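Beneath this line is the structure, given in C-alpha cells, with notes to follow.
Any read-out appearing in this document is the output of simple, stated calculations on the displayed coordinates, not a laboratory observation. Small disclaimer: the values here were computed from a predicted structure and weren't measured. Virtual Cβ from ideal backbone geometry, glycine too; neighbours counted across all protein chains shown.
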Ligand code: NDP
C-alpha cells in the first residue's frame, strides 16, 4: 500500500524558529531592545498552564522577551480589562496574548476585543479578522496560518483545489476557510449540521479537520491522493493524543499531517512570528501604540 507523504510540522517549526532567531537578533539591534510578548492568564487550567509554559520557553529560544501575568480565578472582569489596557499603553510591549479559557464570569469576547489590534498576536480581534475577510491580512490566527505555512513549505499549491474544512470555530475553521479562499481554493465549510458530510469530504482535494472528535475521518471518506490536514488534538482515556483523522487515512491520502507532530508545533512558531511582525510595526509607527 502506498503511504501518504508525512507533513512534518516539527521540522518545519524548527526551520521557522531558526529564521526567527536571526530576525529577532536584527530587530533587537534596531530597536535597542528585544521584541516583547505579554501573556495574560486567569485561574488555573492544567492544559492552559502547559500551553503558556511552552509559549514562554519558545520565546526564550528565539530571544523574545516574555512577560507572564497570572491573575487569580477570582479576578473581576474589570481587573482583567485594566491589565489589558495597561499593556495596550505600554510602549515596551509589542504583543498581547490572552490565554483562553478565562474564568466563566469573565466575557472572553469582550477581553479579546479590548486588546489593541496592533498588539493582537493571536489575530482574534474583529479588525484583524475583518482584514483577513477582505483579503488584506495583517495579523492572522496562529493555527490556520500554521496550516498555510505547512502547505507552502511542502510546495502544495491550493489554487483551484476543492477544499473541505470541517469545523467553523472563530479561531480555527472560519479563518482557515478564509485563508484558503484567499489562496484561490474553492472552499466548503462544514459543521455539525452539514448534510452528507462524508460525500463532501470524498470529493475534496484538500481536507482540513478541526472538529475535536478522535479519528472521525476514516479512510473510505478520502479521495485517493488528497491532502489531509489534521488540526484535531484529542486526549484519549489512556492519556495519548489523537487527531480527528484515523491513522489508516495514510493508506489513501497523498499527504497527511500526523498527530502529534503536525499542525500543533506550528501554532507556537506562528505566534512568535506574529510577535516579531507586531514589533516591526511598532518600531515603524511607535505613536500608533
Ligand atoms: P470548537 O469546539 O470550537 O469547534 C468544533 C467545530 O466542529 C464546530 O464548528 C462544530 O460544529 C464542528 N463539529 C462538531 N461535531 C461535528 C460533527 N460530528 N461533524 C461535523 N462537524 C462537527 O473547536 P476548535 O475549533 O477550537 O478546535 C477544533 C479541534 O482543533 C480540537 O480538537 C482542538 O483541540 C484542536 N485545536 C488544535 C490546535 C493546535 O494548535 N493544533 C489549536 C486549536 C484547536 P458546530 O459549529 O455546528 O457546533
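A few comments on the model shown:
- A straight chain from residue 159 to residue 89 at 0.36 nm per residue would run longer than the Cα-Cα distance by 21.1 nm.
- Of 240, 218, 277, the residue with the greatest mean-square motion in the GNM of the chain, using alpha carbon springs below 10 Å, is 240.
- Each peptide in 257-265, 53-61 gets a packing score, the mean of other Cβ atoms within 10 Å over its residues, and the list from highest to lowest is 257-265, 53-61.
- Remark: the Cα gyration tensor places segment 61-192 in the prolate category, a/c being 1.5 or greater and a/b exceeding b/c.
- Cα gyration tensor shape for segment 141-183, rounded if a/c is under 1.5, else prolate or oblate: oblate
- Here is the P(r) of the chain: all C-alpha pair distances, binned every 10 Å from 0, give 6, 27, 34, 23, 8, 1 in whole percents.
- Relative contact order of segment 67-140, pairs being alpha-carbon contacts under 8 Å that are 6 or more residues apart, as %: 24 percent
- Our estimate of slack between residue 203 and residue 127, defined as 0.36 nm per intervening residue step minus the Cα-Cα distance, is 24.0 nm.
- Taking label points 7 Å from Cα along the Cα-to-Cβ direction, residue 196 and residue 134 give a separation of 3.7 nm.
- Global geometry of segment 1-108, whether rounded, prolate or oblate, following the gyration tensor of its Cα atoms and the 1.5 cut on a/c: oblate
- Two-site label geometry, residue 104 and residue 61: point separation in nm, points 7 Å out along Cα→Cβ: 3.7 nm
- Against the chain, whose longest principal axis is taken from its Cα atoms, helix 46-62 shows a tilt of about 70°.
- Rounded to the nearest 10 degrees, the angle from helix 264-284 to the longest Cα principal axis of the chain is 40 degrees.
- Here the label points at residue 183 and residue 22, each 7 Å from Cα along the C-beta direction, are separated by 2.2 nm in the simple model.
- Based on DSSP H segments of at least four residues, each scored -39500 (n - 2.57), the chain has a per-residue ellipticity at 222 nm of -13000 deg cm²/dmol.
- FRET efficiency, residue 29 to residue 169 (Cβ-Cβ, R0 22 Å, nearest 0.05): 0.05
- Per-pair calculated FRET efficiency, R0 = 51 Å: residue 213 and residue 283 via Cβ, rounded to 0.05: 0.70
- Relative contact order for the chain, counting Cα pairs under 8 Å that sit 6 or more residues apart, in percent: 22 percent
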